[in-house]
1. As a footprinting exposure proxy, order 460, 67, 111 by other Cβ within 10 Å, with the fewest listed first.
2. Over region 338-469, what is the mean sequence separation of C-alpha contacts under 8 Å (at least six apart), divided by residue count, expressed as relative contact order in percent?
3. Classify region 436-502 as rounded, prolate or oblate from the Cα gyration tensor: take a ≥ b ≥ c as the square roots of its eigenvalues, call it rounded if a/c is under 1.5, otherwise prolate when a/b beats b/c and oblate if not.
4. What is region 143-219's relative contact order, in percent, from Cα pairs under 8 angstrom and six or more apart in sequence?
5. If Rh is defined by the Kirkwood formula over all Cα pairs and Rg also comes from Cα, what ratio Rg/Rh do you get for region 87-178?
6. For Cα pairs less than 8 Å apart in space and 6+ apart in sequence, what is the mean separation divided by the residue count of the chain, i.e. the relative contact order in percent?
7. Express the Stokes-Einstein translational diffusion coefficient of the chain in µm² s⁻¹, to the nearest whole number, given a Kirkwood radius over alpha-carbon pairs, 20 °C and a viscosity of 1.002 mPa s.
8. Tell me, 394, 466, 364 in order of fewest to most beta-carbon neighbours within 10 Å?
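Just so it is clear, none of the values below were taken in a lab; they were calculated from the coordinates. Only a predicted model underlies this, so the values are computations on that prediction, with no experimental measurement involved. Note that each Cβ is placed from the backbone with ideal geometry, even for glycine, and that neighbours are counted across all protein chains shown.
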């Protein structure tokens with residue numbers, strides 16, 4: 001059931017997923033604000049720990065999801081059911097580990113075991129969703145964007161109802177994530193079933209083949225484990241959930257840029273698995289530069305306002321964390337685009353996983369290993385700074401973000417060199433310069449009208465003014481981008497022709 005690469009609409013899928021991630025950004029900010037303003041600092045920190053442990057443990061699903069996408073794209077229909085079977089088996093094992101970690105966290109903090117256990121379905125549903133995304137994204141990448149619209153809408157509605165209106169606190173926040181995750185999983189399962197992806201029986205031999213070659217996606221799993229576990233690690237290192245609360249504020253800035261890069265990477269990966277093309281890499285970079293510029297300049301320029309959105313009494317001074325995370329996220333997201341090019345262009349598994357020596361020596365393994373080593377280095381640097389440099393909870397959070405930024409810069413350089421060696425491509429310098437010029441236009445507007453100094457003390461009184469400034473800046477950014485980039489004008493024209501009747 002191999003799907004021709006022409007059925008994967010690179011630009012359409014990228015645009016749909018970008019729009020979905022922009023929507024997700026808006027909802028994520030709204031959700032985090034509702035939760036942060038209704039919870040104590042300690043409860044907000046515990047909420048971050050629940051998410052961190054769930055993300056950390058669910059990262060193990062990459063062991064089989066990685067091969068699922070590649071084998072499904074190359075015609076192995078049984079890959080879908082095999083992936084789902086492995087996901088369900090891991091849910092049982094992972095739940096035991098989650099409960100053990102929850103108990104350890106309770107011993108450390110002295111409270112919150114009941115909330116930790118209530119968060120167990122988040123872990124289970126994340127594993128199931130990851131597996132289903134690995135199945136659907138390689139066949140219909142835009143379906144991931146559709147799912148995002150569904151999930152985020154329900155998440156915000158439930159947060160307003162349960163956390164804000166009914167004042168259920170941390171319990172309401174947990175349920176507001178679990179219910180949408182369940183609906184998202186059902187949606188993706190229906191998409192997969194409608195494409196006949198579950199018509200085969202799970203393959204024991206295929207599962208064993210994947211697990212035997214698990215050292216390759218193990219690098220992906222280790223990276224996701226480290227990336228997802230940073231807040232839990234900091235809580236263990238410092239014994240403080242308050243540091244985690246500051247990191248929650250900062251890492252909220254990671255979402256827009258990280259998700260924007262991932263949106264385009266889905267379609268790029270699906271196409272490169274079938275036919276590596278330099279033009280596809282260049283086009284993906286164009287889209288990333290065009291969209292990420294506004295997100296980055298807004299996060300940096302409005303860092304104080306964004307931090308105060310969570311709670312002006314506690315988090316306004318955390319604006320530096322937002323700035324550091326914005327830099328880190330832009331760099332790491334661009335590195336992930338190049339990593340996608342490396343993974344998609346490497347065809348070491350096209351004839352099956354026959355030679356472990358060849359796999360280990362391939363760029364497929366080397367690139368993933370390099371990313372893991374960079375993440376581990378960030379942990380080491382963070383621990384050294386926290387233990388040796390002076391400071392309190394806010395400074396500790398800043399040290400973590402600085403460490404992530406430094407190691408991401410090294411990762412970007414490595415991934416670019418690897419990708420360019422595999423798929424020599426042109427860097428879209430004109431689009432990059434156009435995005436930079438458009439970002440400057442937005443920055444000048446923020447500084448001119450004083451939006452950068454806004455502190456959101458009353459959400460309903462002050463936030464609309466901030467939103468109005470963002471909308472005006474977005475319009476200026478778009479106008480400047482269109483003025484400087486013929487590619488952006490062509491993309492807009494094509495989008496209008498597709499949407500409007502002729």
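1. On the way: 460 7, 67 27, 111 13.
So the residues, fewest neighbours to most, are 460, 111, 67.
2. Working: 69 pairs, mean separation 34.6, N = 132.
For region 338-469, the relative contact order is 26 percent.
3. Details: a/c = 5.15, a/b = 1.82, b/c = 2.83.
Since a/c reaches 1.5 but b/c is at least a/b, the shape of region 436-502 is classed as oblate.
4. Relative contact order, region 143-219: 28 percent.
5. Working: Rg = 15.7 Å, Rh = 14.9 Å.
My calculation of the ratio gives 1.05.
6. Reported as a whole number, the value is 20 percent.
7. Details: Rh = 23.2 Å.
Diffusion coefficient, whole number: 92 µm²/s.
8. Numbers: 394 16, 466 19, 364 24.
Lowest to highest Cβ neighbour count: 394, 466, 364.
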